[in-house]
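S.K.: Below is one structure. I have some questions about it.
Just so you know, all these numbers are worked out from the coordinates, no wet-lab data involved. No experiment lies behind these values; they were computed from the predicted model shown. Every residue, glycine as well, gets a Cβ built from its backbone with ideal geometry; the counts of neighbours run over all protein chains shown.
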Amino acid sequence: MEPLQELFGLRGKVALVTGASSGLGVEFARALATAGADVAILARRQDRLKAVAQEIEALGVRCLPVTADVTDEAQLDRALAEIEKALGTVDILVNNAGIAPAARAEKHGRKEWEQALSVNLTAVFLLSQRVARAMIARGKGGRIINISSVMGELGNPVFPTVSYNATKGAVTTLTRHLAVEWAQHRITVNAIAPGWFPSEMTIDPKLGDVAPRFKEKMESRTPLGRLGDPRELAGAVIFLASPAASYVTGAVLAVDGGWSAW
Ligand SMILES: NC(=O)c1ccc[n+]([C@@H]2O[C@H](COP(=O)([O-])OP(=O)(O)OC[C@H]3O[C@@H](n4cnc5c(N)ncnc54)[C@H](OP(=O)(O)O)[C@@H]3O)[C@@H](O)[C@H]2O)c1
């Protein structure tokens, strides 16, 4: 095998990426496929998943679109059974699905708070738990990669997203805790903390871009002076999923243009 393949190749592995119907999740799925993994992509919008799956299969791997809501345990069980049957046991789980309800803290509704908790935190735990049980039973270890955010460590000066920030902080701690508990099973648990990237979460649909007044704030506080390109997250996810990261666990890898460096 080529030395680079030995370090970063994922041929023969099965990855599951949640929230891969748009945005960063599509990029994570594409990156893992580029490294050779078969990929299951899970979200609620079936038409979007089908289009992404076609694009990923063109990379020469198998890609299974699975329609499910991550907050529904029965749907998670059905999804995992479908993936097991079609692709095999999940070796790499990327918990990426997320929402960011925006409303000032003093007006933030309980409903929005509960939704953020449910999608961004509880679903990450419930899916990790299910996937880890199968990994433990199989005895070959595995990789869990949680998509947290720089907002998991800091307040947000751009958007009023109190529930989002609170849940991402919890995802970061959940990552470290699971890393400690599951190390004995050779399951590594790490997080990626992206800074600012254009996606449905940050773009104003009327403008088709991040609104200039927000973009200016994002860029002016980012040492590299610009938003990230989603493709700039590919290396981080491949690394954490790959043999090269076998001794990395409980880490939170910022990909943020330096946002969290000061
Ligand atoms: N964009 C950024 O600047 C940024 C920065 C830091 C962290 N992040 C994180 O990156 C991740 C992806 O966000 P994004 O920016 O790519 O936003 P996005 O384009 O809005 O993607 C969110 C994804 O989550 C899925 N999703 C939402 N609720 C779901 C549910 N109940 N069940 C299943 N899937 C669900 C959506 O698919 P369906 O609607 O089809 O279900 C969609 O695919 C999130 O965890 C976010 O917190 C983003």
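S.K.: I'd like to know if segment 90-108 contains one or more residues that are outside any helix (DSSP H, G or I), of a type in the set (S, T, N, Q) and more than 30 Å from P160 (Cβ to Cβ).
M.R.: no
S.K.: Now for a separate question. Quick check, is V52 part of a strand (DSSP E or B) and in contact (Cβ under 8 Å) with a residue 24 or more places away in the chain?
M.R.: no
S.K.: Which of the numbered conditions does L227 fail, given that it passes all the others? Conditions: (1) in contact with a Phe, Trp or Tyr (Cβ under 6 Å, 6 or more places away or on another chain); (2) closer than 25 Å to G250 by Cβ; (3) free of Cβ contacts under 8 Å to residues at least 40 places away in the same chain.
M.R.: The one condition L227 does not meet is (2).
S.K.: Tally the residues that are away from the ligand (no atom under 16 Å from the Cβ) and within 19 Å of A43 (Cα to Cα), restricting the search to segment 92-133.
M.R.: The qualifying residues number 2.
S.K.: Does segment 21-29 contain at least one residue that is more than 10 Å from the ligand (Cβ to nearest atom) and of a type in the set (V, I, T)?
M.R.: There is no residue in segment 21-29 that is more than 10 Å from the ligand (Cβ to nearest atom) and of a type in the set (V, I, T).
S.K.: Separate question: I'm told K168 meets every condition in (1) among the charged types (D, E, K, R); (2) within 14 Å of the ligand (Cβ to nearest atom); (3) surrounded by fewer than 19 Cβ atoms within 10 Å (Cβ to Cβ) except one. Can you identify the failing condition by its number?
M.R.: (3) is the only condition that K168 fails.
S.K.: Also, quick follow-up: For K85, work out the one condition from (1) touching a helix residue (DSSP H, G or I) at 6+ places or on another chain (Cβ under 6 Å); (2) over 26 Å from K215 (Cα atoms) it doesn't fulfil.
M.R.: Result: K85 passes all but (1).
S.K.: What pairs come out if I take residues in segment 189-203 that are closer than 15 Å to I144 by Cβ and of a type outside the set (A, V, I, L, M) and pair them with residues that are assigned to a loop (DSSP other than H, G, I, E, B) and more than 6 Å from the ligand (Cβ to nearest atom) whose C-beta lies under 6 Å away, six or more apart or interchain?
M.R.: Close Cβ pairs (under 6 Å, with a partner that is assigned to a loop (DSSP other than H, G, I, E, B) and more than 6 Å from the ligand (Cβ to nearest atom)) amount to N190/A251.
S.K.: Follow-up question, since we're still on this one. Under the condition of being hydroxyl-bearing (S, T, Y) and out of contact with any Pro (no Cβ under 9 Å at 6 or more places or on another chain), which residue from segment 186-218 is farthest from the ligand (Cβ to nearest atom)?
M.R.: T188
S.K.: Still on this structure, please answer the following. I want to confirm something. Restricting to segment 154-209 and keeping residues that are aromatic (F, W, Y) and in a helix (DSSP H, G or I), which single residue is nearest to I136 (Cα to Cα)?
M.R.: W182
S.K.: Hey, can you tell me all the residues within segment 76-89 that are more than 16 Å from the ligand (Cβ to nearest atom), part of a helix (DSSP H, G or I) and surrounded by 15 or more Cβ atoms within 10 Å (Cβ to Cβ)?
M.R.: Listed by number, the list is empty, since nothing qualifies.
S.K.: For residues in segment 120-166 being among the β-branched types (V, I, T) and without any contact (Cβ under 8 Å) to a residue 60 or more places away in the chain, which is nearest to R213 (Cα to Cα)?
M.R.: It comes out as V162.
S.K.: Shifting gears a bit: How many residues are assigned to a helix (DSSP H, G or I) and out of contact with any Pro (no Cβ under 8 Å at 6 or more places or on another chain) when one looks only at segment 1-40?
M.R.: Count: 11.
S.K.: Now a separate question. For segment 206-244, which residues satisfy the criterion of being of a type in the set (S, T, Y) and surrounded by 18 or more Cβ atoms within 10 Å (Cβ to Cβ)?
M.R.: Selection gives T222, S242.
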